[in-house]
Amino acid sequence: MRPLEDVRIISLEQYGAGPFGSLHLADLGADVIKIEDPSVGGDVGRYVPPYNEGEDSLFFESFNRNKRSLSLDLSTPSGRAVFEDLVRTSDAVYSNLRGDVPEKIGITYGQLKHLNPAIVCCSLTGFGMTGPRSKEPGYDYILQGLAGWMSVTGDPDGPPTKSGLSLVDYSGGFVAAISLLSGLHAARRDGIGGDCDVSLYDTAMSLLTYPATWHLNAGFEPIRTKNSAHPSLVPFQAFEATDGWLIVGCAKEKFWDRLVVAIDRPDLGADPRFSNFSLRGKHQDVLLPILEEVFATNTVEHWLSKLGPAGVPTGPINDVEHALTEPHTIARNLVVETEHPVYNTVRQVASPVNFGSEAKQYRRAPQRNEHFDDIVRDQLGYDDERVAKLKAEGAFGTAKDEVRA
């Protein structure tokens with residue numbers, strides 16, 4: 001069995017952060033049932049351009065493989081009844097909604113424990129379920145600004161800059177997955193579930209890590225650095241070669257000793273101004289222009305061929321195409337394929353989460369409501385009469401909700 005094959009998660013998720021978190025659980029074998037609101041055409045991620053066709057998008061494929069889909073309108077009494085039957089037979093309820101919404105729609109532990117005392121209710125929200133911003137929607141871009149990330153990202157002479165990827169969303173997904181698994185462990189040990197109040201804001205703040213510690217204890221004021229330089233280790237930054245850029249990092253004194261030999265500048269190693277971390281930092285205005293001039297004399301490949309064998313941490317600054325075709329990417333099986341009725345074959349990046357030696361299995365993202373019969377008839381055991389009654393009562397949406405363009 002795959003590690004989480006005995007875990008069932010009901011997921012009220014949409015767009016990026018929530019689906020990203022449950023993606024890794026699904027890849028590890030968890031049965032993730034996506035509850036999609038039929039009145040809005042399901043997960044909005046299905047319609048994200050530019051690579052979308054009707055309800056199919058490559059964006060949606062990136063976050064929803066290995067999951068099952070059920071259209072269910074929780075705002076109707078009959079839809080709520082189906083949801084509660086699912087709670088009785090599941091291990092967790094997972095969502096990424098605004099902080100005040102889980103309580104409003106009745107998916108917190110206090111509202112569900114009478115159905116299943118061991119249920120774990122994991123709510124990934126923008127700002128958490130308490131605090132002055134709890135009712136605000138949380139978006140990655142805004143959170144990167146609020147949490148101080150943009151103030152330390154970008155060129156010193158340029159504007160505050162967001163990261164090129166939605167790292168608050170993705171990190172929040174990982175945190176939610178860890179929290180949910182912790183809750184499952186406790187519930188199986190004690191027989192009692194509970195709430196996981198996880199937020200993108202908390203995640204973003206926690207990732208300030210040591211700069212926050214430095215500021216809180218020593219008044220440190222982070223600044224943006226030229227060429228993405230490390231705030232305290234010199235040299236550890238990007239350098240421009242004749243045909244591109246590379247990163248060179250001297251995170252230990254031994255790497256500095258190796259660097260000066262590899263670039264044929266032993267004089268720099270003998271210079272007392274550069275003899276340790278502290279002095280190199282103090283004299284970086286002298287040292288870095290010298291190193292920049294050296295690296296500007298040859299190609300990226302030339303410097304990699306010198307620094308790598310010498311044991312100096314280094315690497316090229318790849319574009320996405322080169323990153324996806326790096327030999328190490330291929331060797332680690334980080335590009336996976338699934339078959340798809342619209343796109344034929346979808347290639348995407350694998351989950352980095354692993355356990356054991358068995359290769360993970362990948363199944364395309366579900367069509368909306370694709371697993372209706374599997375879930376409603378087979379899993380819940382509803383007969384035709386029960387299904388017909390629920391449909392008539394709008395539990396699974398109305399006829400006009402069936403198709404979205």
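Most tightly packed first, judged by the mean number of other beta-carbon atoms within 10 Å of their residues, the peptides 346-356, 243-253, 125-135 read 125-135, 243-253, 346-356.
In a shell of Cβ-Cβ distance under 12 Å around K306, excluding K306 itself, what net charge do Lys and Arg (+1) and Asp and Glu (-1) give?
Residues close to K306 contribute a combined charge of 0.
Assign one of three labels to region 244-356, namely rounded, prolate or oblate, based on the Cα gyration tensor with a ≥ b ≥ c the square roots of its eigenvalues; rounded applies when a/c is under 1.5, prolate when it is not and a/b is larger than b/c, and oblate otherwise. Cα axes put region 244-356 in the prolate bin. Isolated cysteines in the chain, defined as those with no second cysteine Cβ under 4.7 Å, comprise C121, C250. Here the Karplus curve 6.51 cos²θ - 1.76 cosθ + 1.60, taken at θ = phi - 60°, turns the phi angles of region 112-124 into couplings of 10, 5, 5, 8, 7, x, 9, 5, 9, 10, 9, 10, 9 Hz, with x standing for Gly and Pro.
Taking other residues whose beta carbon is less than 12 angstrom from the beta carbon of E240, and scoring Lys, Arg as +1 and Asp, Glu as -1, yields -2.
Charge dipole of region 211-349 (Cα centre as origin; +1 on each Lys and Arg Cβ, -1 on each Asp and Glu Cβ, all else neutral): 520 debye, rounded to the nearest 20.
Relative contact order for region 248-356: what percent, with Cα pairs under 8 Å and sequence separation of 6 or more?
The normalised contact order for region 248-356 reaches 23 percent.
Converting phi to 3J(HN,Hα) with the Karplus coefficients 6.51, -1.76 and 1.60 and the offset θ = phi - 60°, region 139-155 yields 10, 3, 4, 5, 5, 4, x, 4, 7, x, 4, 5, 5, 10, 10, x, 6 Hz in sequence order, with x at every glycine or proline.
In straight-distance terms, cross-link reach from K135 covers every one of the aspartates and glutamates whose alpha-carbon lies under 12 Å from its own, apart from those fewer than eight places away in the same chain; here that gives D100, E103.
Taking θ as phi - 60° and the Karplus parameters 6.51, -1.76 and 1.60, the scalar couplings of region 54-67 work out to x, 8, 9, 9, 5, 4, 4, 4, 5, 10, 9, 5, 6, 10 Hz in sequence order, x denoting glycine and proline. Rounded to the nearest 0.05, the FRET efficiency derived from the C-beta distance between A399 and D267 at R0 = 56 Å is 0.10. For the pair region 90-150 and region 155-176, the centres of their Cα atoms are 21 angstrom apart.
Where in region 341-389 are there GluC sites (Glu not before Pro) that are in a DSSP coil and have at most 12 other Cβ atoms within 10 angstrom of their Cβ?
For GluC sites (Glu not before Pro) across region 341-389 that sit outside H, G, I, E and B with at most 12 neighbouring Cβ atoms in 10 Å, the list reads E358.
Net charge of the neighbourhood of G128, taken over other residues with C-beta under 9 Å away and scored Lys/Arg +1, Asp/Glu -1, is -1. For T209 and K391, the difference between the fully extended length at 0.36 nm per residue and the C-alpha to C-alpha distance is 60.4 nm.
Packing here is the average count of other Cβ atoms within 10 Å per residue, and on that basis the peptides 152-164, 60-72, 204-216, highest first, run 60-72, 204-216, 152-164.
The alpha carbon centroids of region 59-80 and region 358-399 are separated by 9 Å. Here the sum of -39500 (n - 2.57) over DSSP H runs of 4 or more residues, divided by the residues of the chain, equals -10500 deg cm²/dmol at 222 nm, to the nearest 500. The Cα atoms of region 323-403 cover 56, 30, 17 Å along the three principal axes, with the biggest extent listed first. Gain on full extension, evaluated as 0.36 nm per residue between D373 and V320 minus their Cα-Cα distance, stands at 15.1 nm. Less than 5 angstrom separates the built amide H of G194 from those of V120, C121, all sequence-distant by 5 or more or on a different chain.
Taken together, the values in this text are just the output of simple stated rules run on the coordinates, not laboratory data. In this text the structure is predicted, and so the values were computed from the model without any measurement. Glycine gets a Cβ as well: all are built from the backbone with ideal geometry, and neighbour counts include every protein chain shown.
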